[in-house]
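Working notes for the structure below.
Laboratory data are not the source of any read-out in this text; all were calculated from the coordinates shown. Fair warning: this is a prediction, and the values are worked out from it, not measured in the lab. We place every Cβ from the backbone using ideal geometry, glycine too, and count neighbours over all the protein chains shown.
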Amino acid sequence: MPAVSDPYIPRVSESTDNPRRRRVPARTGGAGRTSRAGARARIADGCARPFVAGAFLVLAACSGGGVSDPLPAPLPGARRLAIVVNRGDGTLEYVDRRTFDAGRTGPLGVDLHEIAVDRSRGIAYVGSHGPGRLLIVDLDTGESAAELQIEGFRQPQALLLSPGGDRLFATFPNQHEIGVLDPVTGAVLGLVDDPGVRPDLAVLSADGGTLWVSNIGPPSTVRAVNTETLAVEAVAEVGRSPEGLRPTPDGSRLLVPCAGSDEVVVLALPGLEELARIEVGQFPRSIDFSADGSLAYVANRISDTLSEIDLTNLTVRRELPTGDGPETIRLDPATGRLLVVNTDGGTLSIHAPDGPLESTAAVGPRPDAIAFWDR
């Protein structure tokens, strides 16, 4: 193999019986593994045309020998948008976060489920279950600019873009892997040495230095991964089926909703020592915080409620009704409102900054994930 000068690309060491377990200095040296014998992404169906958007190389997908007719851009006048992934019909819903008007793209793929937005480039990475595929979507037009296939992997789950936009972190629960991808080509740059059993959802620290990952298990655990070395620095056992974990705004604690045991486990950072277990509604899936950081709101999928937790004494203050089958909750930093994606109802619930439900907007079938984008 020729010498590799890019420090982000793993250097394969001497061959071993199992190429997936080769050691790799992930960025500046340290632990980590190469992907399946250096597996790299390819453009699905072998059809792509490169063009340059700013300094970013984009691969424009084509079919039938030509580029498909463009669709009208969703909500062209809106500046602050919520982008909702509609898993049921493979579309994205553009929701104006001021008026809550909505516009939908055409079908982009099959069984879409997670989204990571590169705000500086105006693109989104969207995961597709089945074969390991990622869509790159031009957010201005709402069209797919490329479809990347991650060879040797399938069903990517969590998708998180590094603060610098140069690496994409992904979990692969069915293959028990946590990978680092090249966001331009989809090539797998390295794998975490100790990914645990069925790594599922994940979140990055504000500085991008730590990746916290929930492992469905068994055993059900949370891992703290150093994103420079891909080494696991701490592990904590938590309740059954940990889901959409998030650190508190002050960075002192990690809150982990556990869907299988109807509780939120509170862990101290950085060492993941357990501080408390808080009983919440049925099947908690996601969590976020009030704008002032004093309260946490947990979306309970079966109860159709939000559990409001006082972070001073770690107790539930009240249960708030929301939509049908709340899957994901996110704080809108521009308004302080809480937006809740309701998978079973096909709606987006808009909650006031102090918690109560204000209104509901219809979105597509089986909405799953949400991200914010300001034009």
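At a glance:
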{"item": "Least to most buried among Thr227, Thr360 (fewest other Cβ within 10 Å first)", "result": "Thr360, Thr227"}
{"item": "Amide proton proximity set for Ile123, modelled H, under 5 Å, gap of 5+", "result": "Asp118, Leu139"}
{"item": "Per-residue ³J(HN,Hα) for the range 340-351, Karplus 6.51 cos²θ - 1.76 cosθ + 1.60, θ = phi - 60°, Hz, x for Gly and Pro", "result": "10, 8, 9, 5, 6, x, x, 9, 10, 8, 10, 9"}
{"item": "The range 96-226 shape via C-alpha gyration tensor axes, a/c threshold 1.5", "result": "prolate"}
{"item": "Whole-number percent relative contact order across the range 228-276, with pairs defined as alpha carbons under 8 Å at least 6 apart", "result": "31"}
{"item": "Three-way shape call for the range 205-271 based on the alpha-carbon gyration tensor, with the a/c threshold at 1.5", "result": "oblate"}
{"item": "Stretch gain in nm, segment Arg277-Asp140, where the contour uses 0.36 nm per residue and the Cα spacing is subtracted", "result": "45.0 nm"}
{"item": "Rounded, prolate or oblate (a/c below 1.5 giving rounded, otherwise prolate when a/b exceeds b/c) for the range 222-375 by Cα gyration tensor", "result": "prolate"}
{"item": "Residues Ala352 and Arg79, FRET efficiency given R0 of 22 Å [Cβ-Cβ distance, rounded to 0.05]", "result": "0.50"}
{"item": "Two-site label geometry, Asn313 and Ala231: point separation in nm, points 7 Å out along Cα→Cβ", "result": "4.2"}
